[in-house]
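The values are calculated or read from the model by the stated rules, or taken from the named source; none is laboratory data. Just so we're clear, the structure is a prediction, and the values are computed from it rather than from any experiment. For neighbour counting, all protein chains shown are included, and Cβ atoms are generated from backbone atoms with ideal geometry for every residue, glycine included.
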Amino acid sequence: MNRTFLYLLSIFLLASCITQKTEIQLTNGLVIENARIISPEDQALSPESFIVINGDSIVYIGTDKPNINGHFKTIDATGKYVIPGLIDSHVHVTGTDALSDEEELQNPEIVTTFKEQLPKSYLYFGYTTLIDLGTTKPERLADFQKAEIRPDLYFAGGGAVIGNGYGLSNWNDEIPNFIYQENEDYPIPEKYVKENHTPKAVAERIAASGAIVLKTYYEPGFDPTQPPFPTPSKELMAEIRQETHNNNLVLAVHGNSLEAHDFLGQAQVDVIAHGLWNWGNHRLDSTKVIPEEIKKVLDTEIENKVGYMPTLQVINGLNALTNPDFLNVPELEHVLPRVLIEYYKLNVDGMYANVFGGAPKNIIAANFNRISNQGKTNLKYLHDHGGNILFGTDTPSSPTYGNPPGYNGYLEMLEMEQAAIPLGKILAMATIDNAKAFKLDKDFGTVETGKKANLLILNKNPLEDITAYNSIEQVVIHGVSLSRKMLSAKEIQE
Ligand SMILES: [Zn+2]
């Protein structure tokens, strides 16, 4: 071979190397073209890229167009933004929004239409992964699980209530996983065998049920005329923590008072399921300065890397009862069946009285605004000092129309922005931070090759504008793309 020929051959080989494309064979695929992907970890925006999905997983991401064969759909995402699907790590999907068990029995039509809509309402606002944080019986999740179009649902097992504590005021067989702790004021009936209710026995049963979280409670109660409900001792909480981790579960604990946060921060639980809005004897005043006693509790939580769910919408949702205009917000029609909105409109006074009795609305509203601001002030402090903040809404948290599914998450985000939390951090909390805290980051939390194809295509950049979460173009769940319209209760009923 002469030199010229070798030279030409090498050029040819080099050229063919450069143009050689990745070959991808798809059986049931989705290709998103010109996607600008936002990484929630560093808030970087990718150049226009190809996202190739096969079945329910992402198989390729790159700026070079691969050679794709087989069966697939294409979406052009020019001018749009792609983020991972959102994760709400504190919801309850077993009931019918604010209806009591009795109201459910009296209104079967509302229950049916609500349950059909519920999974879609979460997807409508981009929530593709949910954690039901506390149902006594996992079989009650079945209605949600059987829906064809729904978010991924994980759950906390079986209500590991302490002794005859909060959430267990009447003995019945609905709470098989209570944890035994003697208490003079609230004795445990003799029929229960202590050995079946040790932290070890309970954690093992909860792990076997398929749960990923053990949820327990630190709640002395709200009625000062009654003896406080039993709360766990330090020793008992340490044992619960150990057994939870032995069973590869995450320990989440209900607590929202200063006393609870103080105890749980020191106990180094994994997650406190509520923010510290209740400041005990302290009040937020116009100086906006956090009292030292509260700061100390927050500092311990930061130091011990305890997950903190601000759950700002718990307070705002209750406050919504003082303002029935909430029921005229247009977003509501997308997430609640019309029959349920009408039912609420007819019952606003009863719902208010049920929670607040005869207390004047203006006083309740002023108090709840202050408590809400206490929650936001703490959230900002935690953010500024490196706290481990997790996105959880507690939807619905109480008998109020103020925590509508899906929309409540969007309202929680708006509140976080009000608390001056940077938009990049809000995105991280609702995606990768939640995924890591609940050990779901192998599959969720970022848009990456190898992960599940749960993602959102947005019309606006969520790093610049919080309303991007209300301008969703498409929701991709397990590789299936759904236009937002298809998920709206309004569109379905029309
Ligand atoms: Zn809850």
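When you scan the stretch 369-383, do you find a residue that is out of contact with any Phe, Trp or Tyr (no Cβ under 8 Å at 6 or more places or on another chain) and either part of a loop (DSSP other than H, G, I, E, B) or over 20 Å from GLU417 (Cα atoms) (or both), even just one? No, the conditions are met nowhere in the stretch 369-383. Taken over the stretch 163-182, the criterion of being loosely packed, with under 14 Cβ neighbours inside 10 Å and modelled with pLDDT under 75 is satisfied by SER169, ASN170, ASN172, ASP173, GLU174.
Looking at the stretch 320-343, can you tell me whether even one residue there is within 16 Å of the ligand (Cβ to nearest atom) and assigned by TED's automatic domain parsing to the domain that holds LYS200? No, the stretch 320-343 has no match at all. Between THR244, THR287, the distinction of being of a type outside the set (Gly, Ala, Ser) and farther than 21 Å from LYS436 by Cα belongs to THR287 only.
Residues in the stretch 128-160 that are crowded, with 24+ Cβ neighbours inside 10 Å and out of contact with any Ser or Thr (no Cβ under 9 Å at 6 or more places or on another chain): THR128, GLY134. Is one or more of the residues making up the stretch 76-94 out of contact with any helix residue (DSSP H, G or I) (no Cβ under 9 Å at 6 or more places or on another chain) and hydrophobic (A, V, I, L, M, F, W, C)? The answer is yes, given that some residue of the stretch 76-94 is out of contact with any helix residue (DSSP H, G or I) (no Cβ under 9 Å at 6 or more places or on another chain) and hydrophobic (A, V, I, L, M, F, W, C). Number of residues in the stretch 37-55 that are in contact (Cβ under 8 Å) with a residue 40 or more places away in the chain and either surrounded by fewer than 17 Cβ atoms within 10 Å (Cβ to Cβ) or farther than 28 Å from HIS71 by Cβ (or both) equals 7.
Scanning the stretch 96-114 for residues that are surrounded by fewer than 19 Cβ atoms within 10 Å (Cβ to Cβ) and either touching a residue at least 12 places away in the same chain (Cβ under 8 Å) or within 16 Å of the ligand (Cβ to nearest atom) (or both) yields a total of 3. Of all the criteria given as (1) surrounded by fewer than 24 Cβ atoms within 10 Å (Cβ to Cβ); (2) within 16 Å of the ligand (Cβ to nearest atom); (3) modelled with pLDDT of 95 or more, the one not satisfied by SER397 is (3). Remark: ALA15 matches the filter, which requires a residue to be surrounded by fewer than 18 Cβ atoms within 10 Å (Cβ to Cβ) and modelled with pLDDT under 95. Considering only the stretch 463-494, state which residues are part of a helix (DSSP H, G or I) and over 20 Å from the mean Cα position of the chain (by Cα). Within the stretch 463-494, LYS485, MET486, ALA489, LYS490, GLU491, ILE492, GLN493 meet the criteria.
Can you name every residue in the stretch 227-260 that is within 16 Å of the ligand (Cβ to nearest atom) and not polar (S, T, N, Q)? Hits for the stretch 227-260 are VAL250, LEU251, ALA252, VAL253, HIS254, GLY255, ALA260. Considering ASP143, ASP132, which residue is of a type in the set (Asp, Glu), in contact with a helix residue (DSSP H, G or I) (Cβ under 9 Å, 6 or more places away or on another chain) and more than 16 Å from the ligand (Cβ to nearest atom)? Just a single option satisfies the conditions, and that option is ASP143.
A single member of ASP132, ASP88, ASP76 is under 12 Å from the mean Cα position of the chain (by Cα) and within 21 Å of SER471 (Cβ to Cβ), and it is ASP88. Only a single item in (1) in a loop (DSSP other than H, G, I, E, B); (2) of a type in the set (A, V, I, L, M, F, W, C); (3) more than 16 Å from the ligand (Cβ to nearest atom) is not met by VAL269, and it is number (3). When residues of the stretch 37-63 are filtered for being in a loop (DSSP other than H, G, I, E, B) and either more than 15 Å from LEU455 (Cβ to Cβ) or among the acidic types (Asp, Glu) (or both), how many remain? Summing the residues that are in a loop (DSSP other than H, G, I, E, B) and either more than 15 Å from LEU455 (Cβ to Cβ) or among the acidic types (Asp, Glu) (or both) in the stretch 37-63 gives 8. Filtering the stretch 87-123 to residues that are hydroxyl-bearing (Ser, Thr, Tyr) and within 21 Å of VAL355 (Cβ to Cβ) leaves THR94, THR96, SER100. HIS383 satisfies every condition listed in (1) within 16 Å of the ligand (Cβ to nearest atom); (2) in contact with a Lys or Arg (Cβ under 8 Å, 6 or more places away or on another chain) except (1).
Residues considered: ALA353, ALA420. Of these, the only one that is assigned by TED's automatic domain parsing to the domain that holds ASN248, assigned to a helix (DSSP H, G or I) and away from the ligand (no atom under 16 Å from the Cβ) is ALA353.
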